[in-house]
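Comments concern the structure below.
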There are 2 protein chains.
Amino acid sequence: MVTMKDVAREAGVSQAAVSYAYGRPDRLSAGIRRQIMAAADRLGYPGPNIVGSSLRSGGRTGAVGVMLMDTLQYAFKDASTRSLLEGIVRHGRLDERCLTLIPLSSEGGPEGSKPQSITHPGLRGLVDGAIVHSLPDNHPALMTLRALDTPMVVVDAPELPGVPFVGIRDREAAAQQLSHVLDLGHTRIAIIVERLKPDGRKGFAGRARWVNSVERVVRERIGGYETACEAHGVDFDRVSIIEVGAFDPDSARSAAGRLIDDEAPTAIVATSDAMALGVLAAAAERQLSVPDDLSVIGFDDAPEAAAAGLTTIRQPMVEKGEIAASILLTLLAGGEAAGETILPTELIVRNTTGPPPPHGT
Amino acid sequence: MVTMKDVAREAGVSQAAVSYAYGRPDRLSAGIRRQIMAAADRLGYPGPNIVGSSLRSGGRTGAVGVMLMDTLQYAFKDASTRSLLEGIVRHGRLDERCLTLIPLSSEGGPEGSKPQSITHPGLRGLVDGAIVHSLPDNHPALMTLRALDTPMVVVDAPELPGVPFVGIRDREAAAQQLSHVLDLGHTRIAIIVERLKPDGRKGFAGRARWVNSVERVVRERIGGYETACEAHGVDFDRVSIIEVGAFDPDSARSAAGRLIDDEAPTAIVATSDAMALGVLAAAAERQLSVPDDLSVIGFDDAPEAAAAGLTTIRQPMVEKGEIAASILLTLLAGGEAAGETILPTELIVRNTTGPPPPHGT
DNA sequence: CTGAAAGCGCTTACAG
DNA sequence: CTGAAAGCGCTTACAG
């Protein structure tokens, strides 16, 4: 590998002079500087090695991290995560940096790592700052980022004192979502949710499970559902919650099938469009007509939702990413950042919700 | 920031012992090791700082780079790039690492960087290896990666001696694409291409421009078109090539409009599905019926192609990514890698191609 | 089985 | 305006 020492020898100057040529050009005469740059070009020297310079000068690597739950494969499948990334990269200044995707297991180490105390390389000084997306409360990575003094901004979850937050009013948006079907007259309602805890469990879930969920978003959302039911005089204990244990429509389809077969709800409320799409598939398998036999409402307004004519709650994921990136870069530039940015949501009524069937099926 | 020295003090051992606890556990008694790990836990120490360890031990950072042309924003918009990334992350072992996206301008530096000789941070020792996607021949980043001895694998372009390559037979696939419309009887054919050179030019392009293109894929593809025309006795000089200068369907729409208005071709051959979708939009604007008035064929078989009923050439982008990731990880593990992996392509006939109109419009 | 010391590539006070 | 030297956090021969 070609280093500053090589360039210095080639240019006939000291190694420090080469460093100045890149970092403090004013300290060198223009002639010397040109001579050094010419030597660097001849040798194919790409500029100061980031690892060396970062170590010396307190850790700026030029990389910005995005901390994602689960595997990268999942992240790229998930519409919300994709939109978030799309928004993050809209911030053009990121093109001068590296965007480092860091998939975090629930323990914070690399998937399948042996020693408990070793964490993901992404948590060991490789990034200058981090955008954290939907991590469980108290995820070990959060403590690590704190211990490393890594500037960060959180999108959606968790809420951390002193850390800029970008999100929506999950509780109110969920209440609005459920109210839509309540207003249409539904009373036999079920909820389908991706997961309440990252422990692989699936199937019907009781109150204790969501109340104690470590995932802020789902806890708030279901809290909102409860509020909406109470406001409409519907007993929330009679509203089933089924947990899919995964994030893709296919898994949702089988869970939704079970829900339909067991409980024959007239409306199913999903915590994402992916889940709602699974419900639609399950309904189609059973020759149920939507919305005549079954109403379905999603959440996100992902690109697929419009094509499917899905009624949903729109949340601005792309904007979340864009704002998070902008806050993080402000932080990295030494600026002050807004403590909390709450974006608006909106009910989008399309073709999958309507009044319940006359006799309740 | 908490360092090894802090952990050593906390555990009452030397700093070297802490290093051994992580890197050479066999050199320590189990008791001492446990004592050190406990101290690390108490302090929130995430394991050896990557920057320090990388500097000392010859540069392994745990990050894998993906070198992308243009901005990240564009990369996330482009269906091929998205599929490539999707494939890359299928290789689950990447979840133990960081996936670092590195957007390269045509000069190799950060967008808008001043000093000519300073290159993107991603090219200065931050990644252990790189997947290079569709870079122009002789892009400076390639020389840099060589100078840094960074293991790499190239997807699509350029072809580099001694560097593993993953791609398709672009020339043959393009010939098959054009032959499809020739076989249908078209003779008034035009070609719409994203860009021949990254110099911002757009509009009709002459032979010299594509023959000398520094982009391997487009050079091969158009070479294939020429071969197909010759084989069918069609004079390739009478086939117009229009350059969009961008990669999105919207830009393609206006270029295609110009093409249709000026030349009234009966078939338009596009080098990507995104371009073909733009052609479809331009045809719709002009009330042209596809394929009755105009045949359109794309390339890629991107997810949008099926929905649009687009006839196209399928190329396995996801597999390219998966294979490239697997080759790179093999290289990083010190293994041998295949020199060249050529994946199959396939003509997918849908609803946008048919015989030319009886009187040639 | 453990510790002291050198050095990876760099930046930056400090001295000339 | 330029150079010699210290030290960032770590690993690894080497000595005890």
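The values are calculated or read from the model by the stated rules, or taken from the named source; none is laboratory data. Everything numeric in this text was worked out from a predicted model, so none of it was measured. Cβ: placed from backbone, ideal geometry, glycine included. Neighbour counts: every protein chain shown.
Please work out if A:Leu99 is more than 16 Å from DNA strand C (Cβ to nearest atom), touching a residue at least 24 places away in the same chain (Cβ under 8 Å) and buried (at least 24 other Cβ atoms within 10 Å of the Cβ). The answer is yes for A:Leu99. Scanning region B:6-21 for residues that are more than 6 Å from DNA strand D (Cβ to nearest atom) and within 14 Å of chain A (Cβ to nearest Cβ) returns B:Asp6, B:Val7, B:Glu10, B:Ala11, B:Val18, B:Ala21. If you go through region A:206-261 and keep only what is out of contact with any helix residue (DSSP H, G or I) (no Cβ under 7 Å at 6 or more places or on another chain), among the charged types (D, E, K, R) and crowded, with 21+ Cβ neighbours inside 10 Å, you end up with A:Glu215, A:Glu243.
Scanning region A:34-85 for residues that are within 10 Å of chain B (Cβ to nearest Cβ) and of a type in the set (Asp, Glu), which turns out nearest to A:Val154 (Cα to Cα)? Of everything passing the filter in region A:34-85, A:Asp70 is nearest to A:Val154 (Cα to Cα).
Working only within region A:5-61, note down all residues that are surrounded by fewer than 13 Cβ atoms within 10 Å (Cβ to Cβ), of a type outside the set (Gly, Ala, Ser) and near DNA strand C (Cβ under 8 Å from one of its atoms). Result: A:Lys5, A:Arg24, A:Arg56. Picking from residues in region A:168-212 that are in a loop (DSSP other than H, G, I, E, B) and of a type in the set (D, E, K, R), the one that is nearest to A:Leu310 (Cα to Cα) is A:Glu194.
Please tell me if A:Val64 is modelled with pLDDT of 95 or more, more than 16 Å from DNA strand D (Cβ to nearest atom) and touching a Cys at 6+ places or on another chain (Cβ under 8 Å). Walk me through it before giving the result.
Working: modelled with pLDDT of 95 or more: yes; more than 16 Å from DNA strand D (Cβ to nearest atom): yes; touching a Cys at 6+ places or on another chain (Cβ under 8 Å): yes.
Answer is yes for this residue.
Within region A:203-226, one or more residues are touching a residue at least 60 places away in the same chain (Cβ under 8 Å), among the aliphatic types (A, V, I, L, M) and closer than 28 Å to A:Arg350 by Cα. The set of residues in region A:259-291 that are part of a helix (DSSP H, G or I), hydrophobic (A, V, I, L, M, F, W, C) and over 19 Å from A:Asp183 (Cβ atoms) comprises A:Leu259, A:Ile260, A:Ala274, A:Met275, A:Leu277, A:Val279, A:Leu280, A:Ala281, A:Ala282, A:Ala283, A:Ala284.
From the list B:Arg24, B:Arg90, B:Arg82, exactly one residue is basic (Lys, Arg) and within 16 Å of DNA strand D (Cβ to nearest atom). Which is it? Break it down into steps so the answer makes sense when it comes.
Working: B:Arg90 fails: within 16 Å of DNA strand D (Cβ to nearest atom); B:Arg82 fails: within 16 Å of DNA strand D (Cβ to nearest atom).
Of B:Arg24, B:Arg90, B:Arg82, the one residue that is basic (Lys, Arg) and within 16 Å of DNA strand D (Cβ to nearest atom) is B:Arg24.
Only one of the listed residues (B:Leu135, B:Leu142, B:Leu178) is more than 16 Å from DNA strand C (Cβ to nearest atom), without any contact (Cβ under 8 Å) to a residue 24 or more places away in the chain and either among the polar types (S, T, N, Q) or in contact with a strand residue (DSSP E or B) (Cβ under 8 Å, 6 or more places away or on another chain) (or both). That residue is B:Leu142.
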